[in-house]
Amino acid sequence: MKTRATFFRKTKDSLMRAFSGFATSMALVLMAWVIFTIVREGHSSISAELFLNASKPFGEVGGGIANALLGTVMITAGAAALALPPALAAGIWLAEFGKDSLLARAARFTVNVMMGVPSVIVGLFAYGVLVTTTGHFSGFAGSFALAILMFPVVVRTTEDQFSGIGDALRESSLALGASRARSALTVIWRAARSGVVTGVLLAVARVSGETAPLLFTDLFADTWPTSYFSGPTPSAPVLITSYTMDSPFESMHRIGWSAALAMAVILLAVNITARYFGAKRAAKRK
């Protein structure tokens, strides 16, 4: 009987190991396939002019993606400016003050729901709130939509990192006369900072490649981003979609693929930076 039970346990373990290995291999293969396709299609148009010139209207030869990259930076920075202060404050409150109160449980439930809302729905909401009321598309409206997507990720990351700090550090800080707020914003923050920064970078990487919300709020412009608050602002995700899917011109297809390659490299760099901070924090814990 014992031998049979041991046999079933070993069989289950072997099956789970095999399934986990297969799933991991499939994920790596698909990722390698995506990267290979982007590099193959986009490397031919990589040049200095591509990163120095603005895009041109459909049908005109040449052009670059400099305005779209700059617009993406502006829109993402605007989203971070809108989302980070309240998200960090909410995460700290949930971990340090709210705990298991009724309000905290309701807030966590709301944050979890927000994390599952499709980005296209968020874009439609931002369209109704800002675009229809102001009467024009704008980069700020795009930042507003991306901020909604960024907010729950930063809240959960901040709460998890603060909750992971041992109570001994809090008790030591309080014993020295610090208030709970001062202890949270100085002592506990310094201990959780690397993990929070990692979560922020991952949130930025996630929203910087979103396209659907920008189609509802920002659209696109073949100009330099000079009308962030009052008009459409160029962005790399929308340029990639427009050039590769909507344009009949092969030259624009190549520029779109090159823009995709540039964005992939940028997002990879952001993810590597986030992993670096995460590894740094893990090393400090040891």
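What FRET efficiency do you get for residue 34 and residue 180 if R0 is 51 Å and r is their Cβ-Cβ distance, rounded to the nearest 0.05?
Plugging the Cβ-Cβ distance into 1/(1 + (r/R0)^6) gives 0.65.
For the chain, just say rounded, prolate or oblate: build the C-alpha gyration tensor, square-root its eigenvalues into a ≥ b ≥ c, call rounded for a/c under 1.5, and beyond that prolate if a/b exceeds b/c, oblate if not.
Numbers: a/c = 2.14, a/b = 1.34, b/c = 1.60.
Cα axes put the chain in the oblate bin.
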- Item | Largest-first ordering by accessible area, 1.4 Å probe, given options 12, 99 | 12, 99
- Query: How big is the accessible area of residue 257 in square angstrom, nearest 10, if you roll a 1.4 angstrom probe over the protein chains?
  - Reply: 80 Å²
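Given charges of +1 on the Cβ of Lys and Arg and -1 on the Cβ of Asp and Glu, with all other atoms neutral, how large is the dipole of the chain about its Cα centre, in debye to the nearest 20?
Values: 25 positive and 15 negative charges, 405 e Å.
With Lys and Arg at +1 and Asp and Glu at -1, about 1940 debye.
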- Might you tell me the accessible area per residue for the stretch 37-99, computed with a 1.4 Å probe and given in Å²? 45 Å²
- Task: With springs only between Cα atoms under 10 Å apart, run a GNM on the chain and tell me which of 207, 187, 270 wobbles the most.
- Result: 187
- Task: Using the heavy atoms of the protein chains and a 1.4 angstrom probe, tell me the accessible area per residue for the stretch 115-242 in square angstrom.
- Result: 43 Å²
- Message: Just the number: Rg to Rh for the stretch 143-286, Cα atoms, Kirkwood Rh, two decimals.
- Response: 1.15
- Relative contact order [Cα under 8 Å, 6+ residues apart], the stretch 1-126, whole percent: 9 percent
- Rounded, prolate or oblate: which fits the stretch 1-99 when a ≥ b ≥ c are the square roots of the eigenvalues of the alpha-carbon gyration tensor, with rounded for a/c under 1.5 and prolate only if a/b beats b/c? oblate
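How large a share of the accessible area of the chain, in percent, is made up of carbon and sulfur atoms when the probe is 1.4 Å and the other protein chains stay in place? Intermediate results must be reported in sequence, preceding the final value.
Working: 10930 of 15820 Å².
So the carbon and sulfur contribution to the accessible surface is 69 percent.
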- Take the chain, connect every pair of alpha-carbon atoms lying under 10 Å apart with a spring to form a Gaussian network, then pick out the residue of 227, 55, 119 with the largest mean-square fluctuation. 227
- Here, GluC sites (Glu not before Pro) of the stretch 1-93 satisfying both criteria (DSSP loop; at most 15 other Cβ within 10 Å) are 60
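Pull out a ≥ b ≥ c, the square roots of the eigenvalues of the alpha-carbon gyration tensor of the stretch 80-121, then state rounded if a/c is under 1.5, prolate if not and a/b is larger than b/c, and oblate in the remaining case.
On the way: a/c = 3.83, a/b = 1.34, b/c = 2.87.
Taking the square roots of the gyration eigenvalues as a ≥ b ≥ c, the stretch 80-121 is oblate.
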- Message: What figure, in Å² to the nearest 10, do you get for the accessible area of residue 28 with a 1.4 Å probe and non-protein molecules left out?
- Response: 120 Å²
- Of 236, 79, 23, the most mobile residue in a GNM of the chain (C-alpha springs, cutoff 10 Å) is 23
- Roughly how many whole Å is it from the C-alpha centroid of the stretch 201-255 to that of the stretch 184-199? 33 Å
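The values are calculated or read from the model by the stated rules, or taken from the named source; none is laboratory data. This structure is a prediction, so every number in the text was calculated from the model and none was measured. Please note: Cβ atoms are built from the backbone with ideal geometry, for glycine as well, and neighbour counts cover all protein chains shown. These accessible areas exclude ligands, DNA and RNA; they are computed on the full protein's heavy atoms, side chains included. Shrake-Rupley method; radii C 1.70, N 1.55, O 1.52, S 1.80 Å.
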